[in-house]
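Below: one structure in C-alpha cells.
No lab work stands behind these numbers, since they all come straight from the coordinates. All values derive from a computational prediction rather than experimental measurement. Note that each Cβ is placed from the backbone with ideal geometry, even for glycine, and that neighbours are counted across all protein chains shown.
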Amino acid sequence: MKLATRIFAIACGLGIALLAGFVGIRARSIAKELTDPPFYKPQPLSRVEATYTELAVGSQGDPGGTWSSEEVSGLQLWRLRRAKPSRGVALLLHGFGDDRWGTSPALRVFPDLDAAIFTYLRRDDALRKGGPVPPITFGARESDNVVTIVHHLEASGIPRRQILVMGRSLGASVGLLALAKLEADGGGPLGGFIWEGAPASSRDFGERIVRGPKDQFWHPFLAPIIGELGSRLAASRGGYDRRETDLRALLAHRRLATPGLCFLATQDRLAPVSAQRAFVAAFDQIEVIEADTWHLHCAEVLGATYPEAIRRATKRWLP
C-alpha cells in the first residue's frame with residue numbers, strides 16, 4: 001500500500017512538473033511574441049522606396065502626390081502631399097508586426113486627403129541597423145508617439161479637426177489609446193477615427209494567442225494563466241504597466257467627441273466582438289459596419305463597400 005501511495009505521489013509530482021513546464025514555456029513564448037513578433041521582418045529600404053515611388057505616381061483612383069520626411073522627436077514622419085489642396089491629413093497607424101511600409105498603401109482610400117505615416121519607436125530602422133531594438137509595449141509607448149505626431153501636425157498649421165486617424169489591429173488599439181489622451185488634453189476632438197480589430201489589452205491578446213483559431217479542451221483552464229503570465233513578462237521586458245494597455249478600463253467611463261467608423265469583424269478571436277462594441281459605446285458619433293471575417297480581412301470581404309464607407313465618412317466629418 002505504501003509503495004502504491006509513493007508511486008501515485010511521484011506520478012502526481014511528475015504531472016505537476018510537466019504542467020508547470022508547459023505553462024512556463026508557453027508564457028515565455030507569449031511574452032516574446034508580445035514584445036518582439038517573430039514573424040516581423042523589416043523590408044529592404046530599396047523595396048520601401050519603390051513602394052513609395054509607386055504611391056507618389058498614383059493608381060487605382062488615387063492621384064498620388066509628393067513625399068517628404070522630417071524628424072519629429074526621434075521619430076521619422078513621412079508625409080504625402082497632394083497636388084491639389086486637400087481637406088486634411090490621414091494619419092495611418094500600422095498593426096502588430098508591421099511598419100510604415102506595410103500600411104502605406106492604405107492611403108489610396110483617402111484620395112482627397114494628404115497622408116502621414118511613421119513606425120512606432122522607429123523599430124524598423126533599429127532592426128535594419130542591428131542595434132538595440134525597442135520592445136513593443138502594446139500601445140503604452142506607441143500611443144505617446146501618436147500624440148507627439150498629432151501635436152507636430154498641429155504645430156505645422158493643420159487644425160486638429162482636419163486630422164483623421166486610421167488604425168487596424170494593434171494600430172487600432174494604439175489609436176484608441178492616443179485618442180483618449182488627446183481628447184483629455186483640452187485640445188478638442190480630431191477630425192475622425194477609423195478602426196478595425198482593436199485588441200482589448202496586452203493580457204487579453206496574450207490569452208487569445210494561446211487559444212488560437214480553434215478551441216482545445218485545456219484552454220478554459222490554462223489559457224487565462226498563460227496569458228496572465230506571458231503579459232506580465234512582456235510588461236516587465238517592455239518596462240510598462242499593463243493597465244496602460246487596458247482599453248476596456250480606460251474607455252469605460254469616457255465620452256469621445258471625435259466621430260468614428262468601426263469595421264467590426266464578427267468572427268475575430270483575437271479582437272473579440274464584445275470588446276469592439278464596448279469601444280464603440282464610448283463614441284458620441286459612430287458608424288459600425290460588420291464583416292463576417294477576422295480583422296485585417298474586412299476590406300477584402302466588404303469589397304467596394306469598404307473604401308466607399310471611408311470616403312463617405314470623411315466627406316461628412318471634414319469641412
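Where is the GNM fluctuation largest for the chain (alpha-carbon springs, 10 angstrom cutoff): 156, 236, 143?
Result: 156 has the largest fluctuation of those listed.
Per DSSP helix of 4 or more residues, -39500 (n - 2.57); summed, then divided by the residues of the chain. What does that give at 222 nm, rounded to the nearest 500?
When only DSSP H runs of four or more count, the value is -14500 deg cm²/dmol.
May I pose another question? Of 116, 235, 126, which is the most mobile in a GNM of the chain whose springs link Cα atoms less than 10 angstrom apart?
126
With just the Cα atoms defining each centre, how far is the stretch 68-132 from the stretch 192-227? Give it in Å.
Their Cα centres are 28 Å away from one another.
Using +1 at the Cβ of each Lys and Arg and -1 at the Cβ of each Asp and Glu in the stretch 257-319, identify which of 279, 302, 257 lies farthest towards the dipole's positive end.
Sorting the options by dipole projection puts first 257.
Who wins for biggest fluctuation among 296, 92, 256 in a Gaussian network model of the chain, springs between alpha carbons below 10 Å?
With Cα springs under 10 Å in the chain, the top fluctuation among 296, 92, 256 is at 296.
How much net charge surrounds residue 290 when only other residues with a Cβ under 13 Å from its Cβ are counted (Lys, Arg +1; Asp, Glu -1)?
-3
A further question on this structure: For the chain, what does the relative contact order come out to in percent, with C-alpha contacts under 8 Å and a separation of six or more?
So the answer I get is 17 percent.
Just want the ordering: 142, 244, from fewest to most Cβ atoms lying within 10 Å of their own Cβ.
Ranking 142, 244 by Cβ neighbours within 10 Å, fewest first, gives 244, 142.
Could you pull out the longest piece of the chain with no exposed loop trypsin sites (Lys or Arg not before Pro) in it, calling a site exposed if DSSP puts it outside H, G, I, E, B and it has at most 10 other Cβ atoms within 10 Å?
1-213
Just rank 33, 71, fewest to most, by other beta-carbon atoms within 10 angstrom.
Values: 33 20, 71 8.
The most exposed by this proxy come first: 71, 33.
Over the residues of the stretch 146-268, compute the C-alpha Rg and express it relative to 2.2 N^0.38 Å. Intermediate values should be presented prior to the final figure.
Working: Rg = 16.6 Å, N = 123, 2.2 N^0.38 = 13.7 Å.
Rounded to two decimals, the normalised Rg is 1.21.
A further question follows. For every other residue with a beta carbon closer than 14 angstrom to the beta carbon of residue 26, add +1 if it is Lys or Arg and -1 if Asp or Glu, then tell me the sum.
Local charge sum for residue 26: +2.
Would you please classify the overall shape of the stretch 224-304 from the alpha carbon gyration tensor, given that a ≥ b ≥ c denote the square roots of the eigenvalues, rounded means a/c under 1.5, and beyond that prolate means a/b larger than b/c while oblate covers the rest?
It comes out oblate by the Cα gyration axes.
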